[in-house]
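Read the structure below first, then the notes.
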Amino acid sequence: MPNLRYPERLGRPGLPAGLLPLTTARLHSPMSWIYLIIAGVFEWGWPVGLKLGMAETGLRWNWILFAMVCMALSGVLLMMAQKTIPIGTAYAVWTGIGAVGTFFLGIFIFSEPTNLARFFFVGLIIVGILGLKMASAT
């Protein structure tokens, strides 16, 4: 068991055992980005599943189970992506993909209202996701 109170005794000042600094080469892992994109897509499933799981006649457990499976898969894939993508970037991209996808699913599946302002601000989220991806490649 590593001594986390005194990380300087582990040979890497300031880093507990098992935590290695990210190198530029590790940031260019395309599989991590693929895991992150798929994790973001699974993020769409749980709000949709929870919405469809609530009915006037009661709970629809199949949709609630669908939401739980999507949550678990999304979390596992996010964890895998964070092996090489910085946590702040991974989390922001993950939630951004989930938010944008859920926004469009709400429009197309649930006929939610649309207006120019909503599309503009979702566009800003997309620009942020792309910006984080480009900034992580350097």
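Inverting the mean 1/r over all pairs of different Cα atoms, compute the Kirkwood radius of the range 35-136 and quote it in Å.
14.4
Under a crude label model (7 Å from the Cα following the beta-carbon direction), how far is ILE37 from PHE120 in nanometres?
The answer from the label model is 3.0 nm.
Packing-wise, with mean Cβ within 10 Å as the measure, how do 49-57, 78-86 rank, highest first?
Result, highest mean Cβ count within 10 Å first: 78-86, 49-57.
Mind giving me the FRET efficiency for MET79 and LEU52? R0 is 22 Å, r the Cβ-Cβ distance, nearest 0.05 is fine.
Efficiency computed from Cβ-Cβ geometry: 0.25.
Per 0.36 nm of contour for each residue apart, how much would the distance between ALA92 and LEU59 grow if the chain were fully extended, relative to their Cα-Cα spacing?
Between ALA92 and LEU59, full extension yields an extra 8.7 nm.
Please list 127-133, 101-107 highest first by mean number of surrounding beta-carbon atoms within 10 Å per residue.
Averaged packing, sorted descending, gives the order 101-107, 127-133.
Tell me which of THR84, LEU36, LEU52 sits at the most positive position along the dipole axis of the range 35-136, charges placed on C-beta atoms (Lys, Arg +1; Asp, Glu -1).
So the residue we want is THR84.
Only the coordinates and a few stated rules stand behind these numbers; no lab work does. Keep in mind that what you see is a predicted model, and the values were worked out from it rather than measured. Every residue, glycine among them, receives a Cβ derived from its backbone with ideal geometry; neighbour counts consider all protein chains shown.
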